[in-house]
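This report refers to the structure that appears directly beneath it.
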Ligand code: ADP
């Protein structure tokens, strides 16, 4: 099955050897606790079983005879059994949860580590919510499996068997009377469980819908507010919410019916047993203590039967969850070159050599693209939206492999570069600056210890970030999630500082199109110049000033290089660039690429 299949019902096998073996890989480091829990389980169950028998011995042996001393020692034994059962159960639960929480924390970590190594392709086709739900919800389902004691479902069967054996050994006639209701009860439980399972699936699907809706609505809150759609969204959400509530309601009704059914079955069984026991007792064929013991056995008997099918269902859904988690763990990771290379000399030369690329099949996004950027040279890439500019950058960073041709960075094919070294060598500043929650300084260093505070401050000063940083309270001021407490211009400057502090050889920049106030605009422009100074740079340019200042301009059109040259040369040629330029000059401050 595929790991992102949320709809698959949990009605598969409850025991899948292959999956359990893989799960065991995570439990193994905590195997002592695991075996401890497993050993404690039959012990406390056994101690639970002997209690009614001790009661019987007490009543029939000592109470009837009036042997108070004997009764006293039996009471000590009885108390011991109760204490032992309690301790055993406590120990078993404790150890089980130790195993569960530790191994599942490891599992979550393994999934996260794997996700970090996935190629960009993976994130193109995967909604974030799906991955999040694998790491949280599915792991929680596994936790539930431990909590419900579903792993030890076989031991429940053993307990049932134990009760039947005890009953039959004490008095088989009474045992038969007690168990007469068993077959119809089991059938009824099975019927209710089947119905309940259907509603569980409904609940799961509906909560998934609620989560999806919430995720979209909350992340698009600004748009919702701007378009005054709150009322409509509220209605949509309240409908989803009501659907979920109704499904839960049905499930609760069934659960309640099941519980009362089992209670009733136990009570009626006790009544049948008492009636039969009463007859036998009057005929002097049965002792009173036996009847008391049987009342307790019957009470103990129906609970595991009731829980058995619930545990079975938990096992089934946890196998489905495990299957999805492992399928995610089996997704291929980013290819790493066999012998990662770095160039002998970092000069900052970039060569696109007959590069072809498509995200899917043969939908070519880049066709036979060739150009060279010499060390220290500044090249502006222009072209209409969708012409493939951003794709060039992604290929250069090695996020996707080229289909044909090659890209050389300082003479080494990006496919052969050590990926981490390549991304240090080339700093990419995207149009949408992504900021993490943390401090301003964290957002510049990105957690790299080699970037010192002094380097952060120097970079900040260099790109004019220091005045707003000071206004916010210094480099340790907090950045809220996604930098929502910073303006677009401030985010840009911070991104420049981030690039500069890491001192890359090559800078790739997708110039922001968002307009900022004239003063910030000037700061950004000046910071940009300082940033590019003495570095090789490829700028996806939108502003005329940036383009005019570039050493060379590469015009992309439908994935191919159409024109190449300086501003003056291209204007003189009277081609696409000249037309774009004319349109933009007439159209005022519109971003360069928006006109095609
Ligand atoms: P530009 O930056 O010039 O606007 P892009 O490089 O972003 O252009 O996109 C070029 C083409 O590739 C567009 O047709 C776009 O739809 C397509 N494209 C971009 N990213 C992806 C992706 N992750 N998966 C599939 N197609 C994509």
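The values are calculated or read from the model by the stated rules, or taken from the named source; none is laboratory data. Keep in mind that what you see is a predicted model, and the values were worked out from it rather than measured. Cβ coordinates were reconstructed from backbone atoms using ideal geometry, including for glycine residues, and neighbour counts include every protein chain displayed.
Could you figure out which of (1) in contact (Cβ under 8 Å) with a residue 40 or more places away in the chain; (2) in contact with a helix residue (DSSP H, G or I) (Cβ under 9 Å, 6 or more places away or on another chain) isn't true of residue 123?
All conditions are met except number (1).
Can you name every residue in the range 398-411 that is surrounded by fewer than 20 Cβ atoms within 10 Å (Cβ to Cβ) and more than 10 Å from the ligand (Cβ to nearest atom)?
Once the filter is applied, which keeps residues that are surrounded by fewer than 20 Cβ atoms within 10 Å (Cβ to Cβ) and more than 10 Å from the ligand (Cβ to nearest atom), the range 398-411 yields 401, 403, 404, 405, 406, 408, 411.
Could you identify the single residue in 488, 497, 512 that is within 25 Å of residue 446 (Cα to Cα), touching a residue at least 24 places away in the same chain (Cβ under 8 Å), out of contact with any strand residue (DSSP E or B) (no Cβ under 8 Å at 6 or more places or on another chain) and within 16 Å of the ligand (Cβ to nearest atom)?
Selected residue: 512, the only one of 488, 497, 512 that is within 25 Å of residue 446 (Cα to Cα), touching a residue at least 24 places away in the same chain (Cβ under 8 Å), out of contact with any strand residue (DSSP E or B) (no Cβ under 8 Å at 6 or more places or on another chain) and within 16 Å of the ligand (Cβ to nearest atom).
Here's the yes/no breakdown for (1) modelled with pLDDT of 90 or more; (2) farther than 30 Å from residue 337 by Cβ; (3) surrounded by fewer than 19 Cβ atoms within 10 Å (Cβ to Cβ):
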{"position": "124", "(1), (2), (3)": "no, no, yes"}
{"position": "132", "(1), (2), (3)": "no, yes, yes"}
{"position": "145", "(1), (2), (3)": "no, yes, no"}
{"position": "151", "(1), (2), (3)": "no, yes, no"}
{"position": "167", "(1), (2), (3)": "yes, yes, no"}
{"position": "175", "(1), (2), (3)": "yes, yes, no"}
{"position": "207", "(1), (2), (3)": "no, yes, yes"}
{"position": "219", "(1), (2), (3)": "no, yes, yes"}
{"position": "225", "(1), (2), (3)": "no, yes, yes"}
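Is it the case that the range 412-433 has a residue that's within 16 Å of the ligand (Cβ to nearest atom), assigned to a loop (DSSP other than H, G, I, E, B) and more than 24 Å from residue 463 (Cβ to Cβ)?
Looking only at the range 412-433, we keep the residues that are within 16 Å of the ligand (Cβ to nearest atom), and these are 428-432.
So of that shortlist, the ones also assigned to a loop (DSSP other than H, G, I, E, B) come out as 430-432.
Still in the list and also more than 24 Å from residue 463 (Cβ to Cβ): none.
Scanning the range 412-433, I find no residue that is within 16 Å of the ligand (Cβ to nearest atom), assigned to a loop (DSSP other than H, G, I, E, B) and more than 24 Å from residue 463 (Cβ to Cβ), so the answer is no.
Residue check, residue 71 against (1) in a helix (DSSP H, G or I); (2) within 16 Å of the ligand (Cβ to nearest atom), all met but one. Which one?
(2)
Taking the residues in the range 540-549 that are assigned to a helix (DSSP H, G or I) and within 16 Å of the ligand (Cβ to nearest atom) as candidates, determine which candidate is modelled with the lowest pLDDT.
Among those that are assigned to a helix (DSSP H, G or I) and within 16 Å of the ligand (Cβ to nearest atom), it is 546.
Tell me which residues, restricted to the range 550-560, are surrounded by fewer than 21 Cβ atoms within 10 Å (Cβ to Cβ), assigned to a strand (DSSP E or B) and under 41 Å from the mean Cα position of the chain (by Cα).
Those that are surrounded by fewer than 21 Cβ atoms within 10 Å (Cβ to Cβ), assigned to a strand (DSSP E or B) and under 41 Å from the mean Cα position of the chain (by Cα): 557, 560.
For the range 341-361, which positions are modelled with pLDDT of 85 or more and in a loop (DSSP other than H, G, I, E, B)?
The answer is 347, 348, 349, 359, 360, 361.
Would you mind telling me which numbered condition in (1) touching a strand residue (DSSP E or B) at 6+ places or on another chain (Cβ under 8 Å); (2) free of Cβ contacts under 8 Å to residues at least 24 places away in the same chain; (3) within 27 Å of residue 123 (Cβ to Cβ) residue 363 fails?
Tallying (1) touching a strand residue (DSSP E or B) at 6+ places or on another chain (Cβ under 8 Å); (2) free of Cβ contacts under 8 Å to residues at least 24 places away in the same chain; (3) within 27 Å of residue 123 (Cβ to Cβ), residue 363 fails exactly one: (1).
Restricting to the range 39-69, count the residues that are farther than 17 Å from residue 299 by Cα and either buried (at least 16 other Cβ atoms within 10 Å of the Cβ) or modelled with pLDDT under 90 (or both).
Qualifying residue count for the region: 17.
I need every pair where a residue in the range 378-404 that is over 20 Å from residue 563 (Cα atoms) and in contact (Cβ under 8 Å) with a residue 24 or more places away in the chain has its Cβ under 9 Å from the Cβ of a residue that is in a loop (DSSP other than H, G, I, E, B) and within 7 Å of the ligand (Cβ to nearest atom), sequence separation at least 6 or different chains.
The qualifying pairs are 400/359.
Identify all residues within the range 440-459 that are crowded, with 16+ Cβ neighbours inside 10 Å and within 30 Å of the chain's Cα centre (by Cα); write none if there are none.
440, 441, 442, 443, 444, 445
Give the range 470-483 a look and list any residue that's in a helix (DSSP H, G or I) and within 34 Å of the chain's Cα centre (by Cα), or say none.
Residues satisfying the conditions are 472, 481, 482, 483.
Just checking, which of 373, 369, 393 is in contact with a strand residue (DSSP E or B) (Cβ under 6 Å, 6 or more places away or on another chain), more than 9 Å from the ligand (Cβ to nearest atom) and closer than 18 Å to residue 510 by Cα?
Result of the check over 373, 369, 393: 373.
For residues that are under 21 Å from residue 583 (Cα atoms) and more than 6 Å from the ligand (Cβ to nearest atom), tally how many sit in the range 376-390.
4
Is it fair to say residue 320 is within 15 Å of the ligand (Cβ to nearest atom), assigned to a helix (DSSP H, G or I), at pLDDT below 95 and buried (at least 18 other Cβ atoms within 10 Å of the Cβ)?
Against the criterion (within 15 Å of the ligand (Cβ to nearest atom), assigned to a helix (DSSP H, G or I), at pLDDT below 95 and buried (at least 18 other Cβ atoms within 10 Å of the Cβ)), residue 320 does not qualify.
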